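Data first, discussion second: the structure below is written as C-alpha cells.
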C-alpha cells in the first residue's frame, strides 16, 4: 500500500489524530502562557528568586519525556490529563525565561525617561517594558509550541492519542505509509504553528501596536 492509498483510506482517522495532537499541545502551551508570563513578570524585581525559578524550570526541562510521563502517572493516571500536564511543565522554561530576559533587557534609559514623565512602576511595566519585550516573549512561546508539538507524539505511549499513535503503530507493524501519515502532519503542524505565531509576533511588535 502506498502513502496516497493509505491516506485516501484512513483520512478521517488522520484528521482525528491531528485534532487530538492539536488539543494536547495547544492546551498545554496555553496554560503555560497563563502561568509562565505572569511568573516571569513577578520575578523581575528579585534576582535570587528569578535564578531559583529558572533553575527549577531548567531541571524540569532536563527530565526525559517518557520519565516525565511516568512520574505523573501515579497522580493523574494515563491519558490526556497526564500528557497535558507534562507538556505544560516542558513549556514553562522558554516562556518564563524569555519573559524575564525580555523585560530585564529593556534599555534603562527608556525606563528612566518613563519615570521622568511621571509614570508609576505599573505603568512602566505595562506601557513600556512589556511592549518592548513582546518579541522576546513571543520567541519563548514559539519555542514552547513547536517543542510541545514534537513531544506530544510520545504521549500516545500513555494512551493520550495524537499523531504519535500512527507513528508508533506504523513502526510496530512495519507499515511505512502509516508511519509517514503520522510524521508528516506532525512536522507540518509544527511549521504552521511557528509561522502563524511569527505573524502574530510581527503584528504585536509593529509600530502601531507598540506605540499605542
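Any read-out appearing in this document is the output of simple, stated calculations on the displayed coordinates, not a laboratory observation. These numbers come from a predicted model, not from an experiment. Here the Cβ is made from the backbone with ideal geometry for all residues, glycine too, and neighbour counts use every protein chain on show.
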Say each of residue 46 and residue 202 gets a label point 7 Å from the Cα, pointing the same way as Cα to Cβ; how far apart are those two points in nm? 4.1
How many angstrom lie between the C-alpha centres of region 146-173 and region 1-64? 14
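Rounded to the nearest whole Å³, what is the per residue volume of the convex hull around the Cα atoms of the chain? Intermediate results must be reported in sequence, preceding the final value.
On the way: hull volume 26.2 nm³, N = 212.
Spelled out: Cα convex hull of the chain, divided by residues, is 123 Å³.
At 222 nm, what value in deg cm²/dmol follows for the chain if DSSP H runs of at least 4 each add -39500 (n - 2.57) and the sum is divided by all its residues, to the nearest 500? Each step should come with its number before you reach the end.
Working: 10 runs with 171 residues, N = 212.
One gets -27000 deg cm²/dmol as the mean residue ellipticity at 222 nm.
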Sorted peptide list for 79-89, 116-126, criterion being average Cβ within 10 angstrom, highest first: 79-89, 116-126
Using 0.36 nm per residue of separation minus the Cα-Cα distance, give me the extension gain between residue 9 and residue 63 in nm, one decimal. 15.6 nm
Selected from 26, 200, 69 as most flexible by GNM, with the chain as the system and alpha-carbon contacts under 10 Å: 200
Using a Gaussian network model of the chain whose springs link C-alpha atoms within less than 10 Å, name the residue from 148, 140, 23 with the highest mean-square fluctuation. 23
Full-extension gain between residue 188 and residue 75, please, as 0.36 nm times their residue separation minus the C-alpha to C-alpha distance. 37.4 nm
Ranked by GNM mean-square fluctuation in the chain (Cα springs under 10 Å), the top entry among 155, 50, 144 is 50
At 7 Å along Cα-to-Cβ for each site, give me the label-to-label distance between residue 35 and residue 104 in nm. 2.1
How are the alpha carbon pair distances in region 11-100 distributed across 10 Å bins from zero to the largest one, expressed in percent? 17, 40, 30, 11, 2, 0
Per-residue Cβ neighbour rank within 10 angstrom, fewest leading, 5, 201: 5, 201
How high is the relative contact order of region 3-210, given as a whole-number percent (alpha carbon pairs under 8 Å, six or more residues apart)? 29
Cα coordinate range in region 48-93, projected on the principal axes (Å, largest first): 36, 16, 16
